[in-house]
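Here is the structure we will look at, set down as structure tokens.
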Amino acid sequence: MSAPAPTYVPAASDVEAAARYGADAARRAADAVRDRLGVRAPACAIVLGSGLGALADDVADARRVPYAEVPGFPETTVVGHAGSLVAGTLAGREVLLLAGRFHLYEGHPAALAAFPARVVHALGAPVLLLSNAAGGVRRTFAPGDLMVISDHLNLTGRNPLVGPQQPGDQRFPDLTAAYDPGLRRQLREAAAATGQAVQEGVYAGLLGPTYETPAEVRMLERLGADAVGMSTVPEAIVARAVGMRVAGVSCITNPAAGIAHEALDHAEVLEVGRQAAGRFRALVTAFVGKLE
Ligand code: HPA
């Protein structure tokens, strides 16, 4: 008996990944899901971070396609990430939800980690809202706090734009205001409208999959990070390169290593994410309602 054919063979290099997960592939993926999900003119696409997937339950008239059926998407492997693309309406606006993401620490190239951003761009979404679970580096942060991302530190050692320039991409994107100031204001207004405090700060994206050492967290503090996680940066970079407006929200699930002198645990990260999910859902729904 012959072994089953592998369904997913990792790209051998950044250059190969850039070609495999570039503009053409995004167009093919978008073509495959557009009719199937009935996507017309989405106001926003939203990437749901660890433990924050419940927002998908709030979407009216939801249509779903499993990631395994989106051309170019491998199946997700991380607990807490369902792996489906959902279209529907939230606060009366058409939205696309990406429930599940492709992390660098799974061995995926940065171009694949960012590929969903290309696909929702090809589906016509002008805005990308990225969410994630993150450790709190700023000492005043408490588990369950929501942080509007004002900027990021790309400490992954990777960049999804390495390789041949994709048609429609900027070669040297300006990241001065990567997290759109107007959208950040809308997130703060949405927080006020839903009666919740929201923090704002810098997200440091690391490769993972280890949590940081206390020395690394002290380093991150000195570098100007307020939160630390293992995602978001690749998608934000590609979204800016293709001209989308980007916003981000971190759910602070734990004090980063060494700050509270407690061991970190993925189950706890998911649980705090779930506890904060109600406030996250309210914040995002109010934010979407403010979009044009
Ligand atoms: N570090 C990195 N990623 C994370 C953390 C953390 O402390 N918490 C949730 N995701």
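Note that region 249-254 has calculated 3J(HN,Hα) couplings of 9, 9, 9, 6, 9, 6 Hz, one per residue in order, obtained from phi through the Karplus relation 6.51 cos²θ - 1.76 cosθ + 1.60 (θ = phi - 60°); glycine and proline are x. Shape index of region 173-292: Rg/Rh, with Rg the Cα radius of gyration and Rh the Kirkwood radius from the inverse mean 1/r over Cα pairs, equals 0.98. Computed from the Cβ-Cβ distance with R0 of 45 Å, the FRET efficiency linking residue 263 to residue 35 stands at 0.40. From most to least packed by mean Cβ count within 10 Å, the peptides 170-177, 135-142 give 135-142, 170-177.
Accessible-area rank, largest first, for 221, 235: 221, 235, with all protein chains present and a 1.4 angstrom probe. The order of 226, 57, 14 by accessible area, most exposed first and with a 1.4 Å probe, is 57, 14, 226. Placing pseudo-labels 7 Å out from each Cα toward the beta carbon at residue 171 and residue 292 gives an inter-label distance of 3.0 nm. Placing 230, 147 in order of accessible area, with the largest value first and a 1.4 Å probe, yields 230, 147.
What percentage of all Cα-Cα pairs in the chain are separated by more than 37 Å? Here the tail beyond 37 Å accounts for 8 percent of pairs.
Less than 11 Å from a label point 7 Å out along the Cα-to-Cβ axis of residue 153: which backbone N atoms in region 201-216 qualify, by residue? The answer is 202-206, 216.
Ranked by the mean number of other Cβ atoms within 10 Å per residue, highest first, peptides 61-70, 86-95 order as 86-95, 61-70. To put it simply, the accessible area of region 32-158 at a 1.4 Å probe is 48 percent carbon and sulfur. Summed over the residues of the chain and divided among them, the accessible surface reaches 41 Å² per residue at a probe radius of 1.4 Å. DSSP beta bridges fully contained in the chain are about 35 percent antiparallel.
The values are calculated or read from the model by the stated rules, or taken from the named source; none is laboratory data. Treat the numbers as computed from the prediction; the structure is a model and nothing was measured. Heads up, the Cβs are rebuilt from the backbone with ideal geometry, glycines too, and the neighbour counts pull from every protein chain shown. Side chains included, ligands, DNA and RNA excluded: accessible areas come from the protein's heavy atoms. Shrake-Rupley method; radii C 1.70, N 1.55, O 1.52, S 1.80 Å.
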